[in-house]
Structures are given as structure tokens and as C-alpha cells.
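The values are calculated or read from the model by the stated rules, or taken from the named source; none is laboratory data. Predicted model only: the values in this text are computed from it and were never measured. For neighbour counting, all protein chains shown are included, and Cβ atoms are generated from backbone atoms with ideal geometry for every residue, glycine included. Just so you know, the surface numbers come from the protein's heavy atoms only, side chains and all, with ligands and any DNA or RNA stripped out. Shrake-Rupley method; radii C 1.70, N 1.55, O 1.52, S 1.80 Å.
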Amino acid sequence: MSTINFAAREINCKIVYYGPGMSGKTTNLKYVFGTIPGHLRGEMVSLATEDERTLFFDFLPLDLGSVQGFKTRFHLYTVPGQVFYNASRKLILRGVDGIIFVADSAPNRLRANAESMRNLRENLVEHGINLKEVPLILQINKRDLPDALPASMIRAVLDPKGELPVFEASAHEGVGVFECLKMVSKLVLERLSQPK
Amino acid sequence: MIEPSLALYGEAFDQVEQHLLDLLNATGVRYCLMVDRKGFVLSHKEALWAPRPPALDSIATLVAGNAAATGALASMLGERTFSEQIHQGENGVLYVESIGDKALLVLIFDSSVPLGKVKLYAKKTIAQLESVLDNVGEAPKIEFDKGFSDTAGALLDDLFG
Ligand SMILES: Nc1nc2c(ncn2[C@@H]2O[C@H](COP(=O)(O)OP(=O)(O)OP(=O)(O)O)[C@@H](O)[C@H]2O)c(=O)[nH]1
Ligand SMILES: [Mg+2]
């Protein structure tokens, strides 16, 4: 459940970008940061290594505005995709309300995509959450690569039952970035008005 | 949801605010925050004389991330927890301590403020805050109706195009 602070009348939702190393999670966040007007977002915090790989997380707060008297905020996080950072990845997943899985279209990253999706499921299970309870969006990124695998192939591997909303993206050009964010935000907020 | 999320409201919220204010006045710290484990600011008080605080959102996130990492280290080393974290700079101090397993107390103050005094008062405040939080039950269920989804949808259109 999102944190609801009644006295201050605030709703805070945590959205996490997940996926293998170098798939473009930080790039998504940077694009959002660069595009949303300054008064609707806070500062972007990046805990990265010298070569710009995410070490712990990136963070960006966004203000949606007031919904029925509740000031509504999104906290966007990216996880470090590199395999050996799993301990930090697991921490970032705490309290997650919605997930955007950023897959890489490069042919040599198909296996990394699959492993990261499996890792996501394992980490959620360890936190005691059922994946079905958290909105999950699949973003197939780097569609601009000349040797990009067919989106249908990537989807068949990551979402064989065809259950997830899917968007194709080229995050470094901003293509598909807001579509994903809007969809996951919508699903997260809809859950608030649908008592289980 | 994975993490116990705190819904502070009504009397409990007022009590928390009062305890933070008392602590602020007793110790002379600049900023005093209660943050949940997910990194959201639940309550915040600042001294009247203090300059505008830095981005509290970011501070809360980093403090919670730091606390989560420290907690993971503690359990790897067979400790139940490492309770407090003190970061001392040339001019100021950041002091973080757990309020039970649900929240964190964050104090930011000048180096001239005696640390021992802050610790002493913080422990007392934490005991008070813990007892407030222990008595916070489930949040009253707010019924967000269809209007909620519609308004939210329109705002999302504005924000994300
Ligand atoms: N061609 C192409 N390159 C992209 C795209 N999106 C991101 N990149 C590049 O991919 C590289 C890695 O991007 P990041 O956003 O840092 O990747 P990440 O997923 O945050 O990686 P980790 O932090 O290690 O998990 C960068 O050089 C980006 O410019 C895209 O849509 N197309
Ligand atoms: Mg990154």
C-alpha cells in the first residue's frame, strides 16, 4: 500500500525501474528529470560509480498535484542492474507500488533480460509479495539499435503468457518513456480506488 | 505491501509533532524529521532561526537507503541492528536513530550543539514516539471513488502528456 499521510493529506507512491545492467533505467529517469518542469519535480539523486553505473539507486520525486484533497507524489527509483549488486537491489524493492521493467533489445542481452526478470520475481518473493499484486509494465528499450531483436521475441521470453502491458522505447531519445510512466502511475492510483 | 506503511493521522500526528517540537526546543538542533523506512517524510519541524532546509525529500530517501543498507550489514554480521548513525562534518552533524522498526528519527544540527545532550534527549523522544506509533492502528479506510481515478487520470495527462 502506498504511504498515506492523513494529517498532511498526502499520498506517496514508490515506482521502481528494474532490469539488467545497461538496459537504460537511469536514462529513463534522466529524460523524465530533463523534461518535467522544475516546479513539478525535485532534484535527481544518483548514487553511481565513476563510470556512471548505478551503485545503489537513482531517485527522482515528482508532484502530480492534488487529487481529491490529497497531495499526490511519485518517488521514482532505479535499481543497479549489475548482477552482483543484488543486495542493494533487494533493498530498493522495499515498499514498491509499481515496477517498470526495462529490457534491452540488443541480441547479446536476451539472457540478461531473462535472468533479471527471474531475479525480480525471486526478490519479490523474498519480500513476501506476489507479483500479481504489484503493477508491472514491460518496456522494451533500445528499439533504435540496428540489430534489435524483434519485440515479440523479447516479450515471449519475459512475458510468455502475454499478461503485461508492453511499450517499445528508445529511452535516450525519450521515445516511450512517458507512456510507461503514465501507465504504471495510472495502475498504481487505480488500486487506491479499488478496495481489495 | 512489503514494508509496514505508517498512516499517521489525527491525535497521533499531533502528538508526534509536539514531541518533535519539544526535542527541537530542548536541544537546539536545526531540523528534526520523522521518516518512514521507505524514505517518506512523516513529520518535520525546524528551528525558527534555521535557514531554509535543503531538499527534505532527498534527505529522507538517502537516510532510509543508508539505514536499510546498515540494517542489512548488521544482519550479515549477526547483529539484530546497528541502531544509531552519526555523521560528523566540520560544521554540522547528521544524527539518525531508529524509532522501533517502522520509522527513523533524523536530527541535523550545528557542531556547537553538544552531541551527548542531543543523544540523551533523542532517546527520550524516541521512547515517546514509539509509544505513539504502537498505538497507531490501521488507517481509516478512505474510500476513493471513481472521481478519484478520473481526477488522477486528468492530472497524469497534464504531467506526462
Ligand atoms: N541505442 C540506445 N542506447 C541507449 C538507450 N537507452 C539507453 N542507452 C544507453 O545505454 C547505456 C546504459 O544506460 P543506463 O541508463 O546507464 O543503464 P542502466 O540500466 O541504468 O544501467 P545500470 O545502472 O548499470 O543498471 C548508456 O550509454 C545509454 O546512453 C536507447 O534507447 N538506445
Ligand atoms: Mg543505472
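Some observations on this one:
- Every residue from the stretch A:183-196 that is surrounded by fewer than 21 Cβ atoms within 10 Å (Cβ to Cβ) and either within 12 Å of ligand 1 (Cβ to nearest atom) or within 15 Å of A:LEU138 (Cβ to Cβ) (or both): A:MET183, A:LEU187
- Of all residues making up the stretch A:82-111, the number that are at pLDDT 95 or above and within 17 Å of the chain's Cα centre (by Cα): 8
- Looking only at the stretch A:158-187, and only at residues there that are among the β-branched types (Val, Ile, Thr) and in contact with a Lys or Arg (Cβ under 9 Å, 6 or more places away or on another chain), the one that is nearest to the other protein chains (Cβ to nearest Cβ): A:VAL175
- Entry remark, the stretch A:146-179: residues being of a type outside the set (A, V, I, L, M) and more than 18 Å from A:LEU131 (Cα to Cα) number 13 in total.
- Test: residue in the stretch A:49-60 that is more than 8 Å from every other protein chain (Cβ to nearest Cβ) and under 30 Å from B:GLY10 (Cβ atoms): no
- Matching residues, the stretch A:167-182, being surrounded by fewer than 18 Cβ atoms within 10 Å (Cβ to Cβ) and β-branched (Val, Ile, Thr): A:VAL175
- Checked across the stretch A:75-91, the condition of being within 16 Å of ligand 1 (Cβ to nearest atom), among the aromatic types (Phe, Trp, Tyr), open to solvent by less than 50 Å² (accessible area, probe 1.4 Å) and assigned to a helix (DSSP H, G or I) holds for at least one residue.
- When A:ASN130, A:ASN119 are checked against the criterion of being within 14 Å of chain B (Cβ to nearest Cβ), more than 14 Å from the chain's Cα centre (by Cα) and within 26 Å of A:SER88 (Cα to Cα), A:ASN130 stands alone in meeting it.
- Extreme residue, most open to solvent (accessible area, probe 1.4 Å), among residues of the stretch A:45-74 that are within 16 Å of ligand 2 (Cβ to nearest atom) and in contact (Cβ under 8 Å) with a residue 24 or more places away in the chain: A:GLU52
- Verdict on A:ALA151 being more than 16 Å from ligand 1 (Cβ to nearest atom) and more than 14 Å from chain B (Cβ to nearest Cβ): no
- Test for A:LEU60: is it touching a helix residue (DSSP H, G or I) at 6+ places or on another chain (Cβ under 6 Å) and part of a strand (DSSP E or B): yes
- Matching entry among A:LEU136, A:LEU93, A:LEU110 (being within 16 Å of ligand 2 (Cβ to nearest atom) and under 28 Å from A:ASP159 (Cα atoms)): A:LEU93
- Whichever residue in the stretch A:10-39 is more than 19 Å from A:LYS142 (Cα to Cα) and of a type in the set (D, E, K, R) and, among such residues, is surrounded by the fewest Cβ atoms within 10 Å (Cβ to Cβ): A:GLU10
- Figure legend. Inter-residue proximity from the stretch B:146-161: first residues farther than 15 Å from A:PHE74 by Cβ, second residues in a helix (DSSP H, G or I) and open to solvent by less than 40 Å² (accessible area, probe 1.4 Å), beta-carbon distance below 7 Å, spacing 6+ or different chains. Indicated pairs: B:PHE148/A:LEU192; B:SER149/A:LEU189; B:GLY161/A:PHE178.
- Among the residues of the stretch B:53-75, the ones that are within 12 Å of A:ALA87 (Cβ to Cβ), open to solvent by 40 Å² or more (accessible area, probe 1.4 Å) and within 10 Å of chain A (Cβ to nearest Cβ) come to 1 in all.
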